[in-house]
1. Within the stretch 37-59, which residues are closer than 17 Å to Arg363 by Cβ and touching a helix residue (DSSP H, G or I) at 6+ places or on another chain (Cβ under 6 Å)?
2. In the same structural domain as Arg131 (by TED's automatic domain parsing), of a type outside the set (Asp, Glu), farther than 25 Å from Lys262 by Cα and at pLDDT 90 or above: is that true of Thr220 in this structure?
3. Determine if the stretch 365-377 includes at least one residue that is closer than 23 Å to Leu4 by Cβ, part of a strand (DSSP E or B), assigned by TED's automatic domain parsing to the domain that holds Lys286 and touching a strand residue (DSSP E or B) at 6+ places or on another chain (Cβ under 7 Å).
4. Any chance you could count how many residues in the stretch 71-129 are of a type in the set (S, T, N, Q) and out of contact with any strand residue (DSSP E or B) (no Cβ under 6 Å at 6 or more places or on another chain)?
5. Out of the stretch 322-371, which residues are surrounded by fewer than 18 Cβ atoms within 10 Å (Cβ to Cβ) and of a type in the set (A, V, I, L, M, F, W, C)?
6. Go over the candidates Gly13, Gly74, Gly101 one by one and state the one that is farther than 29 Å from Arg243 by Cα and either in contact with a Pro (Cβ under 8 Å, 6 or more places away or on another chain) or not aromatic (Phe, Trp, Tyr) (or both).
7. Among the listed residues Leu29, Leu19, which satisfies the condition of being surrounded by 18 or more Cβ atoms within 10 Å (Cβ to Cβ) and over 22 Å from Gly257 (Cα atoms)?
8. Looking at this structure, is Pro240 surrounded by 22 or more Cβ atoms within 10 Å (Cβ to Cβ) and under 24 Å from the mean Cα position of the chain (by Cα)?
Amino acid sequence: MSDLNTLDGAYFGKLQAALNAAAIAQPTLIIDRARLDANIETFIGHLPEGMGYRIVAKSLPSLPLLSHIRSKTGTDRLMTFNLAMLLEIAREMPDAHQLLGKPLPVAAARKFYAEAPAGARVQWLVDTPERLAQYMALADELSLPMDVVLELDVGLHRGGFAADETLKAAADALRASNTARFAGLMGYEPHIAKMPQKHGLRDKAVDSAWEIYRRARVLTDCSNNTGAAQSLTLNTAGSPTYRLYTDTSLANEVSAGSILVKPTDFDTDMLEAHVPASFIATPALKVLDGINVAGFDLMPGREPEMPDGHAKTVYTFGGNWMAKPVWPEGLLVNEKYGRSSNQQMMTGPADLALKPDDFVFFRPTQSEAVLLQFGDIAVYEDGAIVDTWPVFGASA
């Protein structure tokens, strides 16, 4: 196997040959399965003993992709973020244990119970006393056990309970209910990875988040590591921060998804061991000498400003994705011309070795929205497109 850290002309030449052999001639999302598997191995190797793993479905929005990761990791835990995915996973993966990654209106929970198969295992995320009252009322109305996880604000400040008496009252109310049940805590802290090391700001953010989580555990009577506390979901982290958790003294599971395909937003110091595994490939429809921007031909002596050495124009099949060009080297989106979802104008150096119908390759900046934009994912392995993986329907 070639060096997985290398993205060069030889690698992208093999990708292009595989796409041509598969008769693919439109914008396509590719997952390199060898790179995906290497990231899974790296991820699992970093988890401390006893730490559970919850796959973030929105970041890997394809049932075959999720199934592949489940088979490699042995987990039945998923984190889901909308009703459509929640229902599809409940139907197609009846053994899955789903935790909501964001609070949904109680109407979504009502619709889920009306349409989901019996026995579907779901933990609902609740962020306020008002939402908790709505969910508890629904549990009473339907006379069914409803597991509720309480969302904590551990520093992201996107809502959720503070570690105070309101949180304690919420947990106490759930424990007193005959239907709704207190199922644990979730504290998401991706802001930590954005904090600079300078002045110890990142360390301060870590210490603050962990202290809030510890206080929350005490307030909700799940501060020990025995008995009932071990059966609770004590969830934290995400792809940007999972490396911070070296034991299970604070939480018993981490969530991650994007890092397994590593979009560019995850090119951080904490995630250097992971490799890019997802790419967008799109044909270059037109490769032109010179750089012409509409209107400049009407202004004698004026030329559009371009990067030094750029002397070719490329129009790609589609564009305007949340992605960055990675091959051929030197190719840049022409922001002066403006972005286009139909034919994206790009510019390149004079020695650009690209012909019409050759592929241009991008790396997505994120996975959760981008992977839904291209139809079936093309699975690349050993020099060929070996499979296609359908994705979920587009939803938030």
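The values are calculated or read from the model by the stated rules, or taken from the named source; none is laboratory data. Predicted, not measured: the structure shown is a model, and the values here were computed from it. All Cβ positions, glycine included, derive from the backbone under ideal geometry; neighbour counts span all protein chains shown.
1. Asn39, Ser59
2. Spelling it out, Thr220 is indeed in the same structural domain as Arg131 (by TED's automatic domain parsing), of a type outside the set (Asp, Glu), farther than 25 Å from Lys262 by Cα and at pLDDT 90 or above.
3. yes
4. Residues that pass the stated criteria total 3.
5. Met322, Val326, Leu332, Ala350, Ala353, Leu354, Ala369 - these are the residues of the stretch 322-371 that are surrounded by fewer than 18 Cβ atoms within 10 Å (Cβ to Cβ) and of a type in the set (A, V, I, L, M, F, W, C).
6. Result of the check over Gly13, Gly74, Gly101: Gly13.
7. Numbers: Leu29 fails: over 22 Å from Gly257 (Cα atoms).
Only one candidate qualifies: Leu19.
8. On the way: surrounded by 22 or more Cβ atoms within 10 Å (Cβ to Cβ): no; under 24 Å from the mean Cα position of the chain (by Cα): yes.
No; evaluated as a whole, the condition is false for this residue.
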